[in-house]
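Q: Following this message is one structure expressed as structure tokens.
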Amino acid sequence: MNQASTAYQTQIQTQIPEAAAAAPQLISALRPVAPHLTRLHAVRLSSYPLGWGALNIERREELHAGREFLPAGTTEHLIFIRLNDQYVLRESHGETTEGEYVAGQVSIYPAEVPIRWEWKSKLEFLLLTLSPAYLDAVARRTFGPDAAPVELWYDDGRHDPLINNLASALLRECLAVDAGTPAFVDGLASVLSVHLIRHYTRDAPAAHEAAHAHRGVTAAVRFIRQNFAQPITLADIAAAANLSPFHLTRLFKRTLGMSPHQYLLEVRVHGANALLSAGVDAPTLAQVAAAVGFSDQSHLTRQFKRVLGITPKQARR
């Protein structure tokens, strides 16, 4: 049990006299919970029945507003990958954060830390769970005996292409199990563990720089998604992120693998694709182009083919 959980239990016993007399029962009730045993109604796909061991993945959907409180946290480290835009309130580590998160963003929640969530709309997400004991074993084996126990650094709403790609690989493996699955999953668990130790521990050199970077990129992404139909410039996006255009472009490429302008074009293309699926009374290609911010129909067609591999006319069929 970590210091955060112990401190939380001590605080409860101090503030509630009756709790001191029933301390053993209270401590038992405050034990960390296994994440795969919580909110079972939301599970759409899970690797737990497959017996993978240290690393698992679940696809979950919360169809309605709700809340969850885990007074002693979870037995495993949690990694969330959002599949839709969400507005979530979170309380943990003695602080409260509330805000909008966009699809693709990653959040890291260390094991055995009290946490509360509250959400107002539908949630869709992938949940990776990793055994703390496994993470510690990888740390000792890779970085030496003094590298464990690993104290993960809480992170909320970062853009992390490696974790997104790793989750996609685990999801595919969950849907198509064969004799190579155990070795494949164990290899991914090692990759994930080293990545977490390098980038999400309190002693990681890049930790504070990464926090600043993901806040700037998140602000830029939100601005683009809210204003993509307008004639916005790189300077506009950088101003929304409170960064210089040069610094924003560097951070954007490092976290998302593309420039802000490339991301803007992709958002416009996906917006156009949604309009083209409107049905019988769907707008013309020229109207679609104007509605999502492209200068003309030919510009829309070129970018549509580049991003999706088909033309707008083919997408409409």
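The values are calculated or read from the model by the stated rules, or taken from the named source; none is laboratory data. For clarity, every value in this text was computed on a predicted model and none was experimentally measured. Surface accessibility is based on the protein's heavy atoms, side chains included, excluding ligands, DNA and RNA. Shrake-Rupley method; radii C 1.70, N 1.55, O 1.52, S 1.80 Å.
Q: Round to a whole number: what % of the accessible area of segment 113-201 belongs to carbon and sulfur, probe 1.4 Å?
A: Details: 2260 of 3870 Å².
Percent of accessible area from carbon and sulfur atoms in segment 113-201: 58.
Q: Using the heavy atoms of the protein chains and a 1.4 angstrom probe, tell me the accessible area per residue for segment 113-272 in square angstrom.
A: Accessible area per residue: 47 Å².
Q: Provide the gained length on full extension for the span Gln226 to Tyr48, in nm with one decimal, where the gain is 0.36 nm per separating residue minus the Cα-Cα distance. List each step's numbers first, then the result.
A: Values: separation 178, 0.36 × 178 = 64.08 nm, distance 3.79 nm.
Taking Gln226 through Tyr48 to full extension adds about 60.3 nm, to one decimal.
Q: Here is a further query. Report the full-extension gain for the segment His261 to Ser121: residue separation times 0.36 nm, less the Cα-Cα distance, to one decimal in nm.
A: 47.4 nm
Q: Collect residues whose amide H, placed 1.01 Å from N in the peptide plane, falls under 5 Å from the amide H of Ala111; neighbours closer than 5 in sequence don't count.
A: Sorted by chain and number, the residues that satisfy this are His77, Leu78.
Q: Rank these by accessible area, largest first, 1.4 Å probe: Lys305, Lys122.
A: Lys305, Lys122
Q: Pop out the carbon and sulfur fraction of the accessible area of segment 230-278 as a percent, whole number, probe 1.4 Å.
A: Accessible surface attributable to carbon and sulfur in segment 230-278 totals 58 percent.
Q: Counting only protein chains, not ligands or nucleic acids, how are Arg254, Arg60 ordered by accessible area (probe 1.4 Å), most first?
A: Numbers: Arg254 125, Arg60 10 Å².
From most accessible down to least: Arg254, Arg60.
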